[in-house]
Amino acid sequence: MSFTGNLTAIVTPFHSDGSLDLDTLTSLVEWQIESGVQGLVPCGSTGEAATLSHEEHVEVVRHVVSVAAGRVPVVAGAGSNSTREAVSLSREAKAAGADAALLISPYYNKPTQEGIFEHYRAVAEESGLPIFIYNIPGRTASRIEPQTLARLSRVPGIAGYKECGGDFTNTAATKLAAADDFLLFSGDDAITLPLLALGADGVISTIGNLVPDQMTELVSAFKGGNLARAQEIHFRLLPLMQALGLETNPIPVKTALQLMGRIPDATMRLPLTAMQKTHIDTLEAALVRLQLR
């Protein structure tokens with residue numbers, strides 16, 4: 001299975017009572033695939049994995065795999081700050097039919113670089129799935145250093161990483177030191193274009209929930225040598241990218257999907273709450289500018 005291009009970090013729709021809305025999830029998956037995305041990533045931070053029960057987590061992954069039906073790869077979120085739980089979630093993702101697993105670096109317990117290395121090595125050895133590392137210091141309170149990523153790039157079973165650290169020097173240093181086949185994905189929509197210039201293979205996108213075709217075209221245009229077109233799309237989407245950062249992800253993106261009529265309810269589970277009215281106005285204006293509302 002090839003991993004490249006625009007992979008959408010898909011939301012998890014809920015009914016107004018907070019239960020899973022699998023029918024809406026089906027329609028979102030179908031729309032994403034029809035729009036040309038190259039992959040789907042359920043149960044990440046955009047998918048509110050932190051508030052899904054273990055059973056719900058596996059149910060969402062299994063459902064996305066079933067609807068995708070092999071048309072695009074499914075990279076299942078399987079992260080935890082417990083190595084044992086990360087192994088368990090990764091194994092269950094494999095049993096559900098996922099093509100790979102995406103694991104956030106352990107949060108709260110703040111392991112050393114050696115602890116981070118051993119965490120990912122253990123999951124790669126025991127899960128049986130290709131593993132993607134997720135470097136996002138803003139959510140974990142620790143950064144995976146380039147030297148650690150370079151070591152991990154040579155561990156069998158570790159396929160690449162999602163970069164959301166915002167430090168281009170560290171990203172370049174990682175690219176220089178890592179194994180040649182170690183894949184790099186942007187984890188922040190607004191830095192996708194510069195990361196592509198550093199050799200990224202694609203993006204695991206939040207805004208792709210709203211404009212899957214345009215994010216797919218941005219990546220393909222750059223990879224096809226059409227920098228001007230990639231820049232045009234980037235700058236056209238930038239106000240919406242910025243609006244999606246007004247509150248904690250996925251509050252804005254689920255609100256936008258409801259405004260667009262793609263989901264009937266923007267319900268989130270506590271501690272996430274509904275978007276503030278002033279922020280909704282800014283978000284709606286960005287959608288109107290792109291004729292999405």
- [ ] Taking the residues in region 244-287 that are of a type in the set (Val, Ile, Thr) and within 19 Å of ASP189 (Cβ to Cβ) as candidates, determine which candidate is surrounded by the fewest Cβ atoms within 10 Å (Cβ to Cβ).
- [x] THR248
- [ ] Pairs only if they're at least six apart or on different chains, beta carbon under 6 angstrom, first in region 255-282 and free of Cβ contacts under 8 Å to residues at least 24 places away in the same chain and under 15 Å from ILE10 (Cα atoms), second of a type outside the set (S, T, N, Q) and not in a loop (DSSP other than H, G, I, E, B); list them, first residue then second.
- [x] ALA266/LYS254
- [ ] Kindly provide the set of residues from region 97-118 that are under 23 Å from PHE3 (Cα atoms) and more than 19 Å from the chain's Cα centre (by Cα), ordered by number.
- [x] PHE117
Task: Given (1) under 20 Å from GLY202 (Cβ atoms); (2) at pLDDT 95 or above; (3) crowded, with 20+ Cβ neighbours inside 10 Å; (4) of a type outside the set (Ser, Thr, Tyr), number of the condition ILE33 does not satisfy - done: (3)
- [ ] Using the structure shown, decide if ARG143 is among the basic types (Lys, Arg) and touching a helix residue (DSSP H, G or I) at 6+ places or on another chain (Cβ under 7 Å).
- [x] yes
Open item on the list: Just checking, does region 126-134 include any residue being closer than 21 Å to GLN38 by Cβ, at pLDDT 90 or above and in a helix (DSSP H, G or I)?
Closed with: no
Open item on the list: Could you check region 49-75 and list, in sequence order, the residues that are crowded, with 24+ Cβ neighbours inside 10 Å, under 18 Å from LYS162 (Cα atoms) and touching a residue at least 40 places away in the same chain (Cβ under 8 Å)?
Closed with: VAL75
Open item on the list: surrounded by fewer than 18 Cβ atoms within 10 Å (Cβ to Cβ), under 30 Å from PRO271 (Cβ atoms), out of contact with any strand residue (DSSP E or B) (no Cβ under 6 Å at 6 or more places or on another chain) and at pLDDT 95 or above: is that true of LEU238 in this structure?
Closed with: yes
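Take the conditions crowded, with 16+ Cβ neighbours inside 10 Å, hydrophobic (A, V, I, L, M, F, W, C) and under 24 Å from CYS164 (Cα atoms) and apply them to LEU7. Does it pass?
yes
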- [ ] Can you give me the number of residues within region 123-147 that are farther than 19 Å from ASP99 by Cβ, out of contact with any strand residue (DSSP E or B) (no Cβ under 9 Å at 6 or more places or on another chain) and not small (Gly, Ala, Ser)?
- [x] 4
Task: Condition met for ALA9 (at pLDDT below 95 and closer than 18 Å to PRO250 by Cα) - done: no
TODO: Report, ordered by the first and then the second residue, all pairs with beta carbons closer than 6 Å, sequence separation of six or more or different chains, a first member in region 11-26 that is among the charged types (D, E, K, R), and a second member that is surrounded by 15 or more Cβ atoms within 10 Å (Cβ to Cβ) and outside any helix (DSSP H, G or I).
DONE: ASP21/PRO13; ASP21/PHE14
TODO: Kindly indicate the residue of region 187-206 that is over 17 Å from ILE104 (Cα atoms) and touching a residue at least 40 places away in the same chain (Cβ under 8 Å) and also surrounded by the fewest Cβ atoms within 10 Å (Cβ to Cβ) among those meeting that condition.
DONE: ALA190
Open item on the list: Which condition from (1) at pLDDT below 95; (2) among the hydroxyl-bearing types (Ser, Thr, Tyr); (3) more than 18 Å from GLY128 (Cα to Cα) is the one that THR83 breaks?
Closed with: (3)
TODO: Can you work out which of the residues in region 104-122 that are among the hydrophobic types (A, V, I, L, M, F, W, C) and either surrounded by fewer than 18 Cβ atoms within 10 Å (Cβ to Cβ) or modelled with pLDDT of 95 or more (or both) is farthest from ARG91 (Cα to Cα)?
DONE: PHE117
- [ ] Tell me which of these THR216 doesn't satisfy, since it passes every other one: (1) buried (at least 18 other Cβ atoms within 10 Å of the Cβ); (2) closer than 22 Å to SER186 by Cβ; (3) out of contact with any strand residue (DSSP E or B) (no Cβ under 6 Å at 6 or more places or on another chain).
- [x] (3)
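The values are calculated or read from the model by the stated rules, or taken from the named source; none is laboratory data. Here the structure is a predicted model, which means the values were calculated and not measured. Positions of Cβ are generated from backbone atoms using ideal geometry, with glycine treated the same way; all protein chains shown enter the neighbour counts.
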